[in-house]
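J.: Let me give you the structure first, and then I'll get to my questions.
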Amino acid sequence: MPARSPSARRYAEAIFSLASEQGSLVQWTSDLGAIAGFVSEADVSRVLNSSRVPAAEKLRLLSAGLEREVGPHAWNLVRLLHHRGKIAIAPEIRDAFQEMVDESRGVAHAVVTTAVPLSDDERRAVAAKLSSITGKQVDVTPAVDESIIGGVVARIGDQLIDGSTRSRLMALKRRLEGAAR
């Protein structure tokens, strides 16, 4: 999970609270996705980050791209972020909000690294095992790193489960070095 600015987390918490009260988690998920996607477009980002473009022009660009695409509360968020010079953190807000939604639904995301690509059946088996460990439904994102030799390394949020052959070999090496002294 990439580092996120504290202000992005605060915005996400406020939005999550509002969306939960109003029963609009799905709408906010969509709106935040649209906002983050728009401000992340290369041309849009270049204009929004330019000190040569007046604030009014930036707001016109945001309005043209988003005002009709998102709900009124989300549009207020866009205007607030623009006014405070924080529109660039919209993708971070989206990600933090999605984590909160997932947490409320009992969903965890795991990056599972193996030495060779996982088949669909293996991915499902790993997801089932991680679900039994965490007590949550686990969505697996596979990654390949040949240097782990074999086994699995899973990262779920801040939790690391290292069942790789490389780590077992390193642990054995440390034990052997300790016994030789």
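J.: Set the Förster distance to 41 Å, then compute FRET efficiency between Leu176 and Arg124 from the Cβ-Cβ distance, nearest 0.05.
T.: Rounded to the nearest 0.05, the efficiency is 0.65.
J.: For the stretch 66-82, just list the computed ³J(HN,Hα) in residue order, Karplus coefficients 6.51, -1.76 and 1.60, θ = phi - 60°, integers in Hz, with x standing in for Gly and Pro.
T.: Values per residue, Gly and Pro as x: 10, 3, 8, 8, 10, x, x, 5, 5, 5, 4, 4, 4, 5, 5, 4, 4 Hz.
J.: Asp158 to Ser20: FRET efficiency via 1/(1 + (r/R0)^6), r the Cβ-Cβ distance, R0 22 Å, to the nearest 0.05?
T.: Efficiency at R0 = 22 Å is approximately 0.40.
J.: Over every pair of different alpha-carbon atoms in the chain, take the mean of 1/r and invert it; report that Kirkwood radius in Å.
T.: 19.2 Å
J.: Please express the Cα-Cα pair-distance distribution P(r) of the stretch 64-168 as a list of whole percents, one per 10 Å bin, running from 0 to the bin with the greatest distance.
T.: 14, 33, 21, 19, 12, 1
J.: How tilted is helix 25-40 with respect to the longest principal axis of the chain? Cα atoms for both, answer in degrees (0 to 90, nearest 10).
T.: The angle comes out near 80 degrees.
J.: Per residue, what accessible area does the chain have, given a 1.4 Å probe and all protein chains present, in Å²?
T.: 61 Å²
J.: Let me ask you something else. Only helical DSSP H runs with n ≥ 4 go in: add -39500 (n - 2.57) per run for the chain, normalise by residue count and round the 222 nm mean residue ellipticity to 500 deg cm²/dmol.
T.: -19500 deg cm²/dmol
J.: Let's test the formula: R0 of 22 Å, r as the Cβ-Cβ distance of Asp139 and Ser5. What FRET efficiency results, to the nearest 0.05?
T.: Calculated value: 0.35.
J.: Over the stretch 1-130, what is the relative contact order in percent, taking alpha-carbon pairs closer than 8 angstrom and at least six residues apart?
T.: Worked out over the stretch 1-130, it gives 39 percent.
J.: Checking a compactness column here: for the stretch 1-83, what do you get for Rg(Cα) / (2.2 N^0.38 Å), N being the number of residues?
T.: Normalised by 2.2 N^0.38 Å, the Cα Rg of the stretch 1-83 equals 1.13.
J.: Hey, any idea what % of the stretch 65-181's accessible area is carbon plus sulfur with a 1.4 Å probe?
T.: 52 percent
The values are calculated or read from the model by the stated rules, or taken from the named source; none is laboratory data. Since the structure is predicted, the reported quantities are computational estimates derived from the model, not experimental observations. Glycine also receives a Cβ, built like all others from the backbone with ideal geometry; neighbour counts cover every protein chain displayed. These area figures cover heavy atoms from the full protein model, side chains too; ligands, DNA and RNA do not enter into them. Shrake-Rupley method; radii C 1.70, N 1.55, O 1.52, S 1.80 Å.
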